[in-house]
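Data block below; observations after.
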């Protein structure tokens, strides 16, 4: 015990902020300084269900599965109606859940909005036009598309138990731009899919520089005020740089995550207003050449892999017990089972938030509900 105390004290002296934040994260605190994202009236959600097209057995099985996996919320929206809204003990519709990498897909939507507005020409523009730190080395040839598809060839830190590792600087440090902009290329772009936090974090910087707006302001005014009903929170690295962690950490209610799913389902349209172009949503949800299960910072159920790999450096995988019944599944993937599933052919959106589950089965909820729809509509 004495040795442990001495070691922790040594680490604290080396970097007190990182050690303090790591300790906070362990007990459930945020990885940085919270900043509010102002909402609006929200996409109307109709829950006046007359007769469900989904079998009651499917609902019951889904609730049991979600409960077994320590979920906070389970929402099922089908055919223009919220057919199930279930919150588990200790949680309600007002609870902002931590949803990890689901933020990545929101970032992808914002890049599309910036292109629609003319701040960015298109996805084949070199990122170094905005990230000028890359202009004089091999990174000058990386395009925005390659970053969106996680095929940029840029290096990235991986999980480490060492409190002062590059990984923990990325996750809880106070110089996140320095941590990510300084990552160098390790191979030519378009050679390998490597899911990581460096590409989206640098895209967040690119978005700020191309639009001239801070990320929080752009997110609020161009998306959150137009679709969401409750304020959300992002987390800044420090009071000085005020850079949010955009590869993760957008805390929002389950209902507002449902609204993100509805925006994708409805091809970028809300209340007859085009928030982001249909063309962009189509591009976001088109399989990339190197990974048929990935579009622009968004996962797809195109091919079945029982153990879906994220990158060659990490042993972490996502579990899919069986193939998706539907061949058009789109989903937001947050660490440990935070999910928004969208099935356009069924006009279906499913939201699950909850405690981290390392063996979360991605096939269960989508297939259970899809079978329930088929059973009620032979």
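The values are calculated or read from the model by the stated rules, or taken from the named source; none is laboratory data. Fair warning: this is a prediction, and the values are worked out from it, not measured in the lab. Because the Cβ atoms are built from the backbone with ideal geometry, glycine has one as well, and the counts that use them run over all protein chains shown.
Quick look at the values:
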| read-out | value |
| --- | --- |
| Segment 272-308 - residue that is modelled with pLDDT of 95 or more and assigned to a strand (DSSP E or B) and, of those, surrounded by the fewest Cβ atoms within 10 Å (Cβ to Cβ) | 307 |
| Residue 203 vs. criteria in the same structural domain as residue 42 (by TED's automatic domain parsing), within 17 Å of the chain's Cα centre (by Cα), assigned to a helix (DSSP H, G or I) and within 28 Å of residue 95 (Cβ to Cβ) | no |
| Strands (runs of 3 or more DSSP E) contained in segment 25-135 and holding at least 1 residues without any contact (Cβ under 8 Å) to a residue 40 or more places away in the chain | 81-87 |
| Residue 302 vs. criteria on the phi < 0 side of the Ramachandran plot and touching a strand residue (DSSP E or B) at 6+ places or on another chain (Cβ under 7 Å) | no |
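Each row is one residue, and each column tells you yes or no for (1) touching a strand residue (DSSP E or B) at 6+ places or on another chain (Cβ under 9 Å); (2) modelled with pLDDT of 95 or more; (3) in the same structural domain as residue 226 (by TED's automatic domain parsing).
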position	(1), (2), (3)
98	yes, no, yes
102	yes, yes, yes
105	yes, yes, yes
108	no, yes, yes
115	no, yes, yes
147	yes, yes, yes
155	yes, yes, yes
159	no, no, yes
